[in-house]
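Report on the following structure.
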Amino acid sequence: MDKIKQFVTDFGWPRIIIFLFLLFLFIAAPFVGVRIDASISDVFNRFGQNALFVLAMVPMIQSGCGLNFGLSIGIIAGLIGSTLSVQFGLTGLMGFFGAVALAIPFAVIFGWFYGLLLNKVKGEEMTIAMYVGFAGVMFMCIMWLILPYTNSTMVWGYAGKGLRTTISVEGYYRQVLNDFWAIRIGTDFIFPTGMLLFVVFCAFLMWLFLRTKTGTAMTAVGSNPDFARASGISADRMRTVSVIISTVLGAVGIVVFQQSYGFIQLYTAPLAMPFAAVAAILIGGASVNKATMVNVLVGAFLFQGLLTMTPSVINSALKTDISEVIRIIVSNGIIIYALTRKTKVTK
Amino acid sequence: MKQVIDPKVRTRRLLVRAALIVVFAGLVVLMFNLGKLHTFILDNKNLADGSLTAARGGNLVSIDGREASEIYPGERSMEKVKGQRHTITVTSLSGTDKVVRRISLDLDSEMMLVSLPRLIAGKEPYMEVFVPLNVVTTAEERAGTDNSFTSPEAGGTDPVVIPTP
Amino acid sequence: MAQQGPLLSVEHVSKEFYGNIVLHDVCFDLKAGEILGLVGENGAGKTTLMRILFGMPVIAQTGGYKGRVCIDGNEVNFSNPFDALDAGIGMVHQEFSLIPGFTTTENIVLNRESMKPTFLNEVFGDRMSVLDRPDMKKRAESAIAKLGVRLDSDMLISEMPVGHKQFTEIAREINREKTRILVLDEPTAVLTETEAEVLLVALRNLAKQGIAIIFISHRLHEVIQVADRIVVLRDGLAVKDTAVAGVSVRDIASWMVGRSIAAERLDAGEKREFGPEILSVEHLWVDMPGETVRDINFAVKKGEIFGFGGLAGQGKLGIPNGIMGLFPAGGAVKLHGKPVELDEPRKALEMGMAFVSEDRRGVGLLLDESLEWNIAFTAMQIHGQYLKPVLGKLLKIRDEAGMRKLTLEYIGILDIKCTSPSQKAKELSGGNQQKICLAKAFALKPDLLFVSEPTRGIDVGAKKLVLDTLHKYNREYGMTIVMVSSELEELRSICDRIAIVDEGRIAGILAPTADIAEFGLLMSGEKTEAVQGANRG
Amino acid sequence: MSGKKSLGRFFTENAVVIIFLALTIAAIPPSGLSFQYIIQEMITRLGRNTFLVLALLLPIFAGMGLNFGMTLGAMSGQIGLILAINWNIGGVEGLLFAALVGTPISVLMGYICGAVLNKAKGREMVTGYILAFFINGVYQFVVLYMMGSIFPIKNPAIVLSRGYGIRNTLNLENVRQSLDDLLMLKVGGFLIPVATFLIIGLLCVFVVWFKKTKLGQDMRAVGHDMTVAEAAGVPVDRTRIIAIIISTVLASFGQIIFLQNMGNMATYNAHDQTSFFAVAAILVGGASVKKASIPNVIIGVILLHVLYVVTPRAGQNLFGSAMIGEYFRQFIGYGVIALTLVLYAWKARQGAARAREGLRGGNSATAAAGTAAADTAKGGAK
């Protein structure tokens, strides 16, 4: 009994409610005429699309920088990589990995500057990260208009310059990961093996990294910066490293997202993306200063499950589009919940 | 710091606060009354039964002393007014006849159809509630914020209009 | 006035924290207009006594106290400091409780501002009154005048010298009309000598106006100068309660530190021989808040246990923290003759020094991590130990098995009581946490170990074990140890030499067998002949 | 030397204002807009936005940073307006009605916001920001699903054709600019909405007066040092909640003033950018997270909005694309918020570091200098 109580306090009521709610949705789905196999397939797909963004939260949480509201910086790097890949006409797996390879250097450079900045503003990271992210996105909006891209699939036809808002990657790297070893059962169930393998591979790398000397030091910095300092660790360096890794994961994440979704979305599209990732990892049980691989996987699954199931089930049951509102309330509610919980490390 | 409040002061404050709540409620009601808009539809048409005909040559109609508008026979005109008590002055364009009527409306009457011939003739009821046949319906719109940040597909809050190709 | 009964009387007050007796049957009286000097070492019970007097919630939370505190002969029992304030007890804490961006006046009348009611009071309560600034200024100035010092009532606190801040604090307490008893906790600690002089005069002024004062200070000559009567606390007992007349600094010092039983040496009669000089420190300054080190010079020989004693706040804690690079520091520090880069903890660790911090929970431990992490972490980061290659030596990751083995080893050696090596550090008791900190340092196999307050807040059994362990490592592995402690007895039981730090400088270095009164005098900032001799030698 | 130094200090302290001023002035000529036009726009926008920006002041005094939760007030004001439109209440009376209805709602919202922020001390800003998102969900639930179904809505013109929920865009013609037109003066070719400015002036007087009250003083104390204030018996949490409540109520009035000037209202988006514009304006005016004044507000509104007026045209003329100007002004808005937050956090850390320098003069530093440094360090650590 005590153990259950302990579990409840550790995990938190909001998360348990969300979990039960999702469970209820799955049970209710067949009764309101929602195909369960299509839903599950959809959940897997969206899980794969978004898991890397959620994973990108881990290093910064671990190093004590808090939630990465500035993930859009990484996403921008990814967008640069993917547009360059399309510009160079890379296709298939080449296109995908080309985009990733082109994005990573930008992500490292952006992440490095972003990390330096966050080191200067300890204690205010989250608010500043958010606005740095916003400002970065708006700056890139200008850049998308004036950078000299020429590939006709990407450029506005009538003006001859400036990138389109939405660029199809059909014929470049659309679904290259999804289709890799994909398992089709019936008409509606597709298991995107390749994408999930890639996600698992990234998660494994992160798991390994957290076990290296540097990863261990990073966790210690987040857990107790004074202890780490007394053990000869430079907190600033570790924080910068964590920010760079987070940014790189954001960049890779958006390319994975694009190949599954089929489009590159530019301009203001990245503005809102970090919030979904933040909500997901918090739903997964992470706090503002502690996160594990389990939090990532559970969180991404729960959150994406919720996003998939609420519209289909609730809307068919109530004949309204109320799911949007539920989504807003749930995802922001969980962030508020995490922010207002007393945490040990207060700076 | 604990502060012991004099019971006298406390009662006084309670009274003041209660009074303020009353004033607040009163203000709401007052604003409702003063600000309530009504629409007059001034109708200068012959009556269906032919008992009365529209004034020939048209009328000048002024509500609450505002600038008068000309209404010719067979015409309708709309006037928005604030509050419940109004004066309608009808002058024939020839300037011979002048009729002044004071009207008091119910709070919940939105649109009133005023028949000018009846009004001029002083024949009750010269005013009836007007119910529009069909509510203005525009093409169905998708309500709500056009996106939420939780759905990346929707593409983020987009305060900027982006040209489409 | 003074002929009446005592204003405040403390009768048979006892207090224990979790079985630890910190006050035992303390009695004293205080009359109106009297200044009582309260002295004692750190941990003698002064702070606890004042907390009881002031109704701090921590007292009630830990089970209350025994005995009675009476004001005007009526027993009082405050549940929070505001009750105490209402009863007329004002307290000036060691740490300033002032708002830097406010003026003197605003601070003096903080939350007791003069107000003029407005019509909005009727709606939103008294806080909608407008401040009556002229009256506030008048009141502040009258409080300052009462104190008899010069203080600009419109100056911002942030622009003031420290002394004026202290006066502002006192003025705030006497601004309360009710204040009849004023408690001052180390009011002169942050003042220069001239400022302290002014303060003492001001206190006498106040006493003449009938305010009773409890004056807590470690500067014994100040106590003698200002107090009418003196109460000496030692280990929770009021060992002396006497008029000040005819008492010398030396007397008080020996009452303060004197023990009935002599320190028990672990090495009675052992002949000690040391190697060459291992650490030399010249002109060390350290900017550690509350423990500023100004100018420290000393040298330690190989195999020696060197002790630092002194009262809290005098800078002894700053020495290891500065050398290990945890706080900004300067000066010349040499280990094995090679200069140590200050402000760089990694360099200090790599050169073979290790540090057990006094701030166990803040600096010493990763409370949310396992014991394995806590013990092996520093060794992993500094020496690259407890890592194993994976993926064909591409990457090295934590060797969990190795870490476990190491942890089990130290759990055995230090008798650490825990459920498993993967238990979280925060779940252990204070004594066992301290052992983890020691294990962490030992795992580095250092040439020189700094231990700071190794026995603070742990029980008697654990204390002995910690000291024995240090002794063993010194004797068996020849580990040089620099130990900083507030407990003189502890230093005397284990150290080969003891330096007493006062106001950021070494007041003197004594042999552990030196007369106890010598230590007391050094701590009180009094130079003795013996010390001057020792310094020359 | 001191003259040079103080000039330098003036520049660093007002860096944001100066950069903005330069940027604005530089963007005016390429925009090709006449001064006549720009000044008229400036007057209009000053009337439209100032009240909202003023709502930010009290939480800054109380040390709670920029109140991103002011959006809650904006939503309350919008509910008031929706009801005024529903019952067909027009003119200034309609606005007053909306404000009266909005007040209790915004008090409740302010209380919720304050209570939540008290639980998130040290990260008020990000919490307030997310709280605005959260309450936005609740607002949508009420307006989109409950209005017309549970709360009866009389006016069919504002209800979606499905029978419940409010339409995306509301026409506010019944109250459009009724406050502005109440007392419109024409001075030298410029239209000046005197009534609006009078209300703004009244609020400024209130703010100045409020700072002199006991509550205002308590707020300052809490803003400077919560621990000391608490020790002195100031009810810290309560004071912070009151600051947020007042701010929320003012924001609700501000949004009503803003919308009456705009003349129509995007039911579900009108509040999205409220806090963004207000915060950007006050920061452009030279305020920081801890310090703000009425001049900051006025300078900020003028500078930000003149820039907002001229950049799209300047972008069009310079780059041949109005979009660049659009994006540029968004970038500037977000950028200035990020920049001032960074500068503030950085300065605070530098200040703490400088306080320590007193000791580094060397080992012969006098005792007095040492204690002073130690003391300021102690103060800084608090």
So how much accessible area does A:Thr150 have, in Å² to the nearest 10, using a 1.4 Å probe?
100 Å²
Shape call, segment D:249-360: gyration tensor on alpha carbons, a/c limit 1.5:
oblate
B:Phe130/B:Asn33 FRET efficiency (R0 22 Å; Cβ-Cβ; nearest 0.05):
0.55
Measure of exposure for D:Ser288: accessible area at 1.4 Å probe, Å² rounded to 10, is 30 Å²
For segment B:37-129, the Rg and Dmax computed from alpha carbons only, in angstrom
12.2, 36
Output the antiparallel fraction of DSSP beta bridges having both residues in the protein assembly as shown, as a percent to the nearest 5.
70 percent
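Could you sort C:Glu141, B:Glu110 by their accessible area in this structure, using a 1.4 Å probe and putting the largest first?
Numbers: C:Glu141 80, B:Glu110 50 Å².
Reading off the accessible areas and sorting them downward yields C:Glu141, B:Glu110.
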Euclidean distance of C-alpha centroids, segment D:304-321 and segment A:277-347, integer Å
40 Å
Output the Cα-based Rg and Dmax of segment A:224-329 in Å, rounding Rg to one decimal and Dmax to a whole number.
18.0, 61
Sticking with the crude label model, points 7 Å out along Cα→Cβ, report the distance from C:Thr242 to A:Ala101 in nm, one decimal please.
8.9 nm
Distance between the C-alpha centers of segment A:92-112 and segment C:289-320? Whole Å please.
54 Å
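Taking R0 as 41 Å, what's the FRET efficiency between C:Asp25 and C:Asp415 from their Cβ-Cβ distance, rounded to 0.05?
Values: r = 35 Å, r/R0 = 0.85.
Using R0 = 41 Å, I get an efficiency of 0.75.
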With every protein chain present, what accessible area does C:Trp255 have (1.4 Å probe, heavy atoms only), rounded to the nearest 10 Å²?
60 Å²
Distance (nanometres) between label positions extended 7 Å along Cα→Cβ at B:Met111 and B:Ser69:
1.4 nm
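Please report, in whole Å³, the volume per residue of the convex hull around the C-alpha atoms of chain C. Working shown, then result.
Numbers: hull volume 104.6 nm³, N = 537.
Looking at chain C, the number lands at 195 Å³ per residue.
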Leaving out ligands, DNA and RNA, calculate the buried accessible area for the pair B and D with a 1.4 Å probe, summed over both sides, in Å² to the nearest 100.
2700 Å²
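Can you give me the span-like helices of chain A, meaning DSSP H runs with 18 Å or more of Cα extent along the axis and Kyte-Doolittle mean at or above -1.0?
Numbers: long enough: A:13-28 (22 Å, 2.45); A:36-62 (36 Å, 0.82); A:72-87 (22 Å, 1.49); A:92-120 (42 Å, 1.60); A:125-146 (31 Å, 1.80); A:193-211 (27 Å, 2.12); A:235-261 (38 Å, 0.94); A:293-309 (23 Å, 1.79); A:323-340 (25 Å, 1.42).
Those that pass (Cα extent of 18 Å or more, hydropathy at least -1.0) are A:13-28, A:36-62, A:72-87, A:92-120, A:125-146, A:193-211, A:235-261, A:293-309, A:323-340.
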Segment A:228-242 to segment D:1-66: how many Å between their Cα centroids?
39 Å
Taking every Cα atom in the protein assembly as shown, find the radius of gyration and the maximum pairwise distance Dmax, and write them in Å.
37.8, 137
At a 10 angstrom cut-off on C-beta neighbours, averaged per residue, how do the peptides A:127-140, A:32-45, D:21-34 rank from highest to lowest?
A:127-140, A:32-45, D:21-34
Using only the alpha-carbon atoms, how far is helix D:236-262 inclined from the longest principal axis of chain D? Give it as 0 to 90 degrees, nearest 10.
40 degrees
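Could you order D:Glu230, B:Glu75, D:Glu93 so the one with the most accessible surface comes first? Probe is 1.4 Å. Let's see the in-between values first.
On the way: D:Glu230 100, B:Glu75 75, D:Glu93 40 Å².
Descending order: D:Glu230, B:Glu75, D:Glu93.
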Taking every residue of C:359-367, the Cβ atoms of other protein chains inside 10 Å of its Cβ average out to 4
How much space per residue, in cubic angstrom, does the convex hull of the C-alpha atoms of segment A:2-340 take up?
150 Å³
On a 18 Å Cα-Cα criterion, which of the cross-link pairs C:Lys424/C:Lys463; D:Lys119/D:Lys347; C:Lys301/C:Lys334; C:Lys302/C:Lys445; A:Lys213/C:Lys388 come out too long?
C:Lys424/C:Lys463; D:Lys119/D:Lys347
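What do you get when you divide the Cα radius of gyration of segment D:171-227 by 2.2 N^0.38 Å, with N the number of residues? Provide the component values of the computation, followed by the final result.
Details: Rg = 18.1 Å, N = 57, 2.2 N^0.38 = 10.2 Å.
After normalising by residue count via 2.2 N^0.38 Å, the value is 1.77.
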If one compares the long axis through the Cα atoms of helix D:124-140 with the longest principal axis of the Cα atoms of chain D, the angle in degrees, nearest 10, works out at 10 degrees
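Given a Förster distance of 22 angstrom, what is the FRET efficiency for B:Ser77 paired with B:Ala48, based on the Cβ-Cβ distance and rounded to 0.05? Mind showing how you got there, number by number?
Values: r = 20 Å, r/R0 = 0.90.
FRET efficiency, B:Ser77 to B:Ala48: 0.65.
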Would you list the membrane-span-like helices of chain C, meaning whole DSSP H runs whose alpha-carbon atoms span at least 30 Å along their axis and whose mean Kyte-Doolittle value is at least 1.6?
none
Need the list of lysines near B:Lys80 for cross-linking: C-alpha distance under 23 angstrom, and skip anything on the same chain fewer than eight residues off.
B:Lys36, B:Lys45, B:Lys98, D:Lys154
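May I ask for the Kirkwood hydrodynamic radius of segment C:80-128, worked out over all distinct Cα pairs and given in angstroms to one decimal?
Working: mean 1/r = 0.0748 Å⁻¹.
Hydrodynamic radius (Kirkwood, Cα only) of segment C:80-128 equals 13.4 Å.
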If I fit a long axis through the Cα atoms of helix D:91-119 and take the longest principal axis of the Cα atoms of chain D, what angle between them do I get, 0 to 90°, rounded to 10?
40 degrees
Could you check the spin-label model distance between D:Lys186 and A:Asp188? Points 7 Å from the Cα along Cα→Cβ, value in nm.
6.8 nm
Mind jotting down a quarter of the surface of the convex hull over the alpha carbons of segment D:2-381, in square nanometres, one decimal?
23.1 nm²
Provide a whole-number value for the mean count of partner chain Cβ atoms within 10 Å of the Cβ atoms in peptide A:63-70.
1
Among C:Thr513, C:Thr179, what's the order by accessible area (1.4 angstrom probe), most exposed first?
C:Thr513, C:Thr179
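The values are calculated or read from the model by the stated rules, or taken from the named source; none is laboratory data. A quick note: this is a predicted structure, and the numbers were derived from the prediction, not measured. Virtual Cβ from ideal backbone geometry, glycine too; neighbours counted across all protein chains shown. Note: accessible area is taken over every heavy atom of the protein model, side chains too, but ligands, DNA and RNA are not part of it. Shrake-Rupley method; radii C 1.70, N 1.55, O 1.52, S 1.80 Å.
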